[in-house]
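The values are calculated or read from the model by the stated rules, or taken from the named source; none is laboratory data. In this text the structure is predicted, and so the values were computed from the model without any measurement. So basically every Cβ, Gly included, is an ideal-geometry build from the backbone, and we count neighbours across all protein chains shown. To get the accessible areas, we keep the full protein, side chains included, count just its heavy atoms, and leave off ligands, DNA and RNA. Shrake-Rupley method; radii C 1.70, N 1.55, O 1.52, S 1.80 Å.
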Amino acid sequence: MALIDLVLLKARLGELAGRFDVDALESCDSTSSELMRRAEAGAPAGTVIVADRQEAGRGRRGRSWLSSPESSLTFSVLWRFNAPLARLGGLSLAVGVALARALEAQGARGVGLKWPNDVLLATAAGDAKLAGVLVELVGDRRGCQAVIGIGLNLSRPAVELPQPVAGLDQAGVLGADRHSLLAAILRELADVLDRFAYAGFSALRPEWQQRHVWQERPVQVLGEGEAPLVGSCLGADDDGALLLATAAGVQRIYSGDVSLRPEGSTLGVRPAGTTLG
Ligand code: ATP
Ligand code: BTN
């Protein structure tokens, strides 16, 4: 039986239960792949798939997302927007705001956001990745639909990863109740996605900036086959683009196909498509 009990989750969601249609699986390839298939078959907005185990969990740019039933929360949410794809820049940042709010409401301390899709935790050893957001968009006749995948470490993954990683227990949330946690995240997501649909990322930008981990810190933007772009990180603009103060002036970076790192760091930098064994 799956770790998530739908009756209990519904109770935790309270009046919001009607906005979500949740399916809990013991196992699937990837909750985002499964939800994409269901979306193509006509699943309604608000469909959620949560799985204990993913056989092929995905991060951005074909990377792997590693999880285990005991120490992770992995799920995907389908949302529809009456707006063209071009208007949805900043959606992964908005989702980060919802995650940070929900984790803080559970008592987590030291949660921060990194452009474009990471939730980091400030630890004694530096910033470490606590959660990742994968947004996949598909245009349709009425606008577009987004499959929003979220992977959250409840405790630190036991495997070696190229970058520092953290678990929610390190943020002071011990033995998190998955039902309360998932309900809290879905509640914040409903609020954030409604606001995003109405006013775009600009409505959430102040909250994102407030939690931005590397504000005014020297960083490098690494794109494949390109020289690193170095500058001071100014956060995100109203469209969700990264703002970088360089010697040539402030540059806007729209492409998510880059990696943002502290200046001089070579951690976790490798070609896209590389998977972890
Ligand atoms: P960037 O996109 O800036 O290069 P990133 O290295 O975090 O940042 P993403 O593609 O955003 O890369 O996230 C996927 C990466 O997350 C994987 O390459 C892997 O190193 C890492 N990862 C995989 N599983 C986990 C996990 N459970 N917790 C934290 N990090 C993980
Ligand atoms: C990233 O940091 O690159 C994003 C990681 C997103 C992982 C989640 S886990 C649930 C959903 N299913 C997937 O295969 N990926 C996302």
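Given Y198, A171, I185, which one lies farthest toward the positive end of the charge dipole of region 165-205, if we put +1 on the Cβ of every Lys and Arg and -1 on the Cβ of every Asp and Glu?
Looking along the dipole axis, the top candidate is Y198.
With every protein chain left in place, what is the accessible area per residue of the chain in square angstrom, probe 1.4 Å? All intermediate terms of the calculation are to be shown ahead of the outcome.
Numbers: 12290 Å² over 277 residues.
Ligands and nucleic acids excluded, the figure is 44 Å² per residue.
Counting residues in region 6-211 as N, plug N into 2.2 N^0.38 Å and put the Cα Rg over that result. Present the calculation step by step, with values, prior to reporting the outcome.
On the way: Rg = 15.8 Å, N = 206, 2.2 N^0.38 = 16.7 Å.
This ratio for region 6-211 stands at 0.95.
Please report the relative contact order for the chain, taking Cα pairs under 8 Å with a sequence separation of at least 6, and give it as a percent rounded to a whole number.
Relative contact order, the chain: 18 percent.
So, counting K/R as plus one and D/E as minus one, what does the shell of residues with Cβ under 13 Å around G223 add up to? Before the final figure, lay out the partial values.
Values: positive: R61, R261; negative: E224, E226, D257.
Overall, the nearby charge balance is -1.
For region 121-277, with all protein chains present and a 1.4 Å probe, just round the carbon and sulfur fraction of the accessible area to a whole percent.
51 percent
Taking the Cα centre of region 115-251 as origin, sum charge times position over the Cβ atoms of Lys and Arg (+1) and Asp and Glu (-1), and report the length of that vector in debye to the nearest 20.
220 debye
With only alpha-carbon atoms in the gyration tensor, what are the semi-axes of the equivalent ellipsoid for region 41-90, in Å, largest first?
Equivalent ellipsoid of region 41-90: 25, 15, 9 Å, largest first.
Write down the Kirkwood hydrodynamic radius of region 218-262, to one decimal in angstroms, obtained as one divided by the mean of 1/r over all alpha carbon pairs. Walk me through the intermediate numbers first.
On the way: mean 1/r = 0.0955 Å⁻¹.
Radius from the Kirkwood sum: 10.5 Å.
Quick check: at a probe of 1.4 Å, how many percent of the accessible area of region 1-63 sits on carbon and sulfur atoms? All intermediate terms of the calculation are to be shown ahead of the outcome.
Values: 1650 of 3240 Å².
C and S fraction of accessible area: 51 percent.
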